[in-house]
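**Student:** Take a look at the following structure, please.
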Amino acid sequence: MKRLRRLRANKTLRNLVRETRVDKKELIYPIFVIEGENIKNPVPSMPGIFQYSVDRLAELLEEIHNSGISGLLIFGIPKHKDELATSAYDDNGITQRAIKFIKEKYPEMLVIADVCLCEYTSHGHCGVVKDDLILNDETLPLLSKMSVSLAKAGADMIAPSDMMDGRVAAIRKSLDENGFVNTPIMAYSAKFASGYYGPFRDAAESAPCFGDRRTYQMDSANGREALREIESDIEEGADIVMVKPALAYLDVVKEASQYNIPLAAYNVSGEYSMVKAAAQNGWIDEKRIVLENLTAIKRAGADIIITYHALEAAKWLEEE
Ligand code: PBG
Ligand code: ZN
């Protein structure tokens, strides 16, 4: 008889034949930095996640450093928002100041800077708005300026999440012209218009004040189009491509892993909050579910996982 159970008989055997392992070095932790002083604001829809002012960041950085994960993805929340997102490319803006602070304290910590205008615009859209339309080509120079400003502040990697067409090429060109030829671009290539971003918009204070993001983020029904997005970002010079969200899009992650380029998956805010809520109710075993989810993302083909569970997961992986 075929006995597949033979290799499941005990932990040693199971470990021996385990096909997929998550390494904490593959994890990236998103952080939210807000203008102001002495702030550590809990995000109600994301238990365990806080907005920090720069003067309170040290405790979080220490935790990230001790966890052994590779680094962080930074989102800044400015006081001043306007039509053209000027705080986004202000060399003294909140994100730039936070990056400088982090790199001074922890030069070896990987700091990835999210590039998008929605946290910085008064209307909350990811691009320049005119007559309720989100303009593509007019947005590209602003994203480029923002990228150069963040690289100047010390960002190790630039991660455009806006979904404008042609932004990877535009950003690459500006980075190169400004001497940042060695700053990699991690492109949010297949970023779907998703209900799973709800809690993030509380955390980053970036909900659009009219309409939605469906004219630039992808339709959640489209797997093949995701591959075209990925192909064009690779052509435009992306160093790493990303699928986002992760869990409801593992088929896309799997297909994207065929390209010979590092692949990231973003385990987004809503995916995190659902696990937290169920765990708080005692309905699921949080550690078990988180490790199962991260393993599934890895098994589907992701090389890098961006997750709000990163710090806890790093501890749990150690215990395993
Ligand atoms: C900004 C951005 C968003 C996320 C990452 N970058 C929100 C959005 O597009 O609405 C979502 C991250 C998450 O939900 O955890 N464009
Ligand atoms: Zn945005």
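The values are calculated or read from the model by the stated rules, or taken from the named source; none is laboratory data. As the structure is a computational prediction, the values presented were derived from the model and not from experiment. So basically every Cβ, Gly included, is an ideal-geometry build from the backbone, and we count neighbours across all protein chains shown. When the accessible area is computed, the model is the full protein with side chains, heavy atoms only, and any ligands, DNA or RNA have been set aside. Shrake-Rupley method; radii C 1.70, N 1.55, O 1.52, S 1.80 Å.
**Student:** What percent of all Cα-Cα pairs in the stretch 104-144 falls in each 10 Å bin, counting up from 0?
**Tutor:** Percent of Cα pairs in each bin: 27, 39, 18, 13, 2.
**Student:** Which value, in Å² and to the nearest 10, is the accessible area of Leu7 when all protein chains are kept and the probe is 1.4 Å?
**Tutor:** It works out to around 90 Å².
**Student:** Given +1 on the Cβ of Lys and Arg, -1 on the Cβ of Asp and Glu, and no further charges, what dipole in debye does the stretch 227-305 carry about its Cα centre, rounded to the nearest 20?
**Tutor:** On the way: 8 positive and 13 negative charges, 99 e Å.
Taking the Cα centre of the stretch 227-305 as origin, the dipole is about 480 debye.
**Student:** Among Phe180, Asn222, Ile74, whose Cα projects farthest towards the positive end of the dipole of the chain, with charges put on the beta-carbon of Lys, Arg (+1) and Asp, Glu (-1)?
**Tutor:** Toward the positive end, the furthest listed residue is Asn222.
**Student:** Quick one: of the DSSP bridges fully inside the stretch 42-197, what percent are antiparallel, nearest 5?
**Tutor:** 30
**Student:** Which value, in Å², gives the accessible area per residue of the chain when a 1.4 Å probe is used on the protein heavy atoms?
**Tutor:** Counting only protein heavy atoms, the per-residue value for the chain is 46 Å².
**Student:** Calculate, in nm to one decimal, what Leu13 and Glu59 gain on full extension: separation in residues at 0.36 nm each, minus their alpha carbon distance. Before the final figure, lay out each step's value.
**Tutor:** Working: separation 46, 0.36 × 46 = 16.56 nm, distance 4.03 nm.
Result for the pair: 12.5 nm of gain on full extension.
**Student:** So if I place +1 on the C-beta of Lys and Arg and -1 on the C-beta of Asp and Glu, and nothing else carries charge, what would the dipole magnitude of the stretch 96-180 be about its Cα centre? I want it in debye, nearest 20. Present the calculation step by step, with values, prior to reporting the outcome.
**Tutor:** Working: 10 positive and 13 negative charges, 83 e Å.
Charge dipole, the stretch 96-180, about its Cα centre: 400 debye, nearest 20.
**Student:** Summing +1 for each Lys or Arg and -1 for each Asp or Glu, what net charge is found among the other residues whose Cβ lies under 14 Å from the Cβ of Cys209?
**Tutor:** That works out to -3.
**Student:** At a Förster distance of 25 Å, what's the computed FRET efficiency of Met274 paired with Arg214, Cβ-Cβ distance as r, to 0.05?
**Tutor:** Efficiency, rounded to the nearest 0.05: 0.65.
**Student:** Ordering Trp283, Trp316 by how much accessible area each has at a 1.4 Å probe, largest first, what is the list? Mind dumping the intermediate values first?
**Tutor:** Working: Trp283 180, Trp316 40 Å².
Per-residue accessible area, sorted high to low, gives Trp283, Trp316.
**Student:** While we're on this one: State the antiparallel share, in %, of DSSP beta bridges confined to the chain, rounding to the nearest 5. Show your work: numbers first, answer last.
**Tutor:** Numbers: 6 of 39 bridges.
Around 15 percent antiparallel, to the nearest 5.
**Student:** Lysines near Lys145 by alpha-carbon distance under 21 Å, same-chain residues fewer than 8 away left out - which ones?
**Tutor:** The qualifying lysines are Lys79, Lys81, Lys100, Lys103, Lys130, Lys173.
**Student:** Considering the options Val128, Leu317, Ser189, tell which one lies farthest towards the positive end of the dipole of the chain, charges being +1 on Lys and Arg and -1 on Asp and Glu at the Cβ, about the Cα centre.
**Tutor:** The listed residue farthest towards the positive side: Leu317.
**Student:** Related question: Heavy-atom accessible area of Lys24 with all protein chains present, probe 1.4 Å, nearest 10 Å²?
**Tutor:** Lys24 has an accessible surface of roughly 50 Å² with all protein chains in place.
**Student:** How large a share of the accessible area of the chain, in percent, is made up of carbon and sulfur atoms when the probe is 1.4 Å and the other protein chains stay in place?
**Tutor:** Summing carbon and sulfur atoms, their accessible area is 48 percent of the total for the chain.
**Student:** Continuing with this model, one more query. Based on Cβ point charges of +1 for Lys and Arg and -1 for Asp and Glu, what charge dipole magnitude is obtained for the chain about its Cα centre, in debye rounded to the nearest 20?
**Tutor:** Roughly 1700 debye for the chain.
**Student:** What do you get for Rg/Rh over the stretch 115-260 if you use C-alpha atoms and the Kirkwood form of Rh?
**Tutor:** That ratio equals 0.95.
**Student:** Using a Debye calculation, one point per C-alpha and no hydration shell, please list log10 I(q)/I(0) for the stretch 72-136 at q = 0.13, 0.15, 0.16, 0.20 Å⁻¹ in order.
**Tutor:** Rounded to two decimals, the profile gives -0.39, -0.49, -0.55, -0.76.
**Student:** Over 23 Å, how big is the tail of the calculated P(r) for the stretch 175-320, in percent of all Cα pairs?
**Tutor:** 41
**Student:** Between the helical axis of 269-280 and the dominant principal axis of the chain, each derived from Cα atoms, what acute angle in degrees is found, rounded to the nearest 10?
**Tutor:** 50
**Student:** Of Thr183, Thr215, which has the most accessible area with a 1.4 Å probe, and how do the rest follow in descending order?
**Tutor:** Numbers: Thr183 15, Thr215 115 Å².
Putting Thr183, Thr215 in descending order of accessible area: Thr215, Thr183.
**Student:** Given the alpha-carbon gyration tensor of the stretch 155-195, what are the semi-axes of its equivalent ellipsoid in whole angstrom, ordered largest first, with each equal to the square root of 5 times an eigenvalue?
**Tutor:** Working: eigenvalues 97, 24, 7 Å².
Three semi-axes, in Å: 22, 11, 6.
**Student:** Debye calculation, C-alpha points only, no solvent: report log10 I(q)/I(0) for the stretch 108-181 at q = 0.11, 0.18, 0.19 Å⁻¹, in the same order as the q values.
**Tutor:** -0.26, -0.66, -0.73
**Student:** Ordering Thr12, Thr121, Thr295 from largest to smallest accessible area (1.4 angstrom probe), what's the sequence?
**Tutor:** Values: Thr12 110, Thr121 5, Thr295 25 Å².
Largest to smallest exposure gives the sequence Thr12, Thr295, Thr121.
**Student:** Right, here's the next one. Quick one: compute a quarter of the convex hull surface over the Cα atoms of the stretch 6-62 and quote it in nm².
**Tutor:** 6.5
**Student:** Using only the Cα atoms of the chain, each taken as one equal point scatterer with no solvent, compute I(q) by the Debye sum, divide by I(0), and report log10 of the ratio at q = 0.11 Å⁻¹.
**Tutor:** Normalising to I(0) and taking log10 leaves -0.66.
**Student:** For Glu35, what residues show an amide H to amide H distance below 5 Å, using hydrogens built from the backbone and excluding near sequence neighbours?
**Tutor:** Ile77, Lys79
**Student:** To the nearest Å, what is the center-to-center distance of the stretch 158-226 and the stretch 51-70, using C-alpha atoms only?
**Tutor:** About 25 Å separates the Cα centre of the stretch 158-226 from the one of the stretch 51-70.
**Student:** Let me ask you something else. Just subtract the alpha-carbon distance of Asp303 and Glu320 from 0.36 nm times their residue separation and send over the number in nm, one decimal.
**Tutor:** Between Asp303 and Glu320, full extension yields 4.1 nm more.
**Student:** Based solely on C-alpha atoms, express the radius of gyration and the Dmax of the stretch 1-122 in angstrom.
**Tutor:** My reading of the Cα-based Rg and Dmax gives 20.4, 70 Å.
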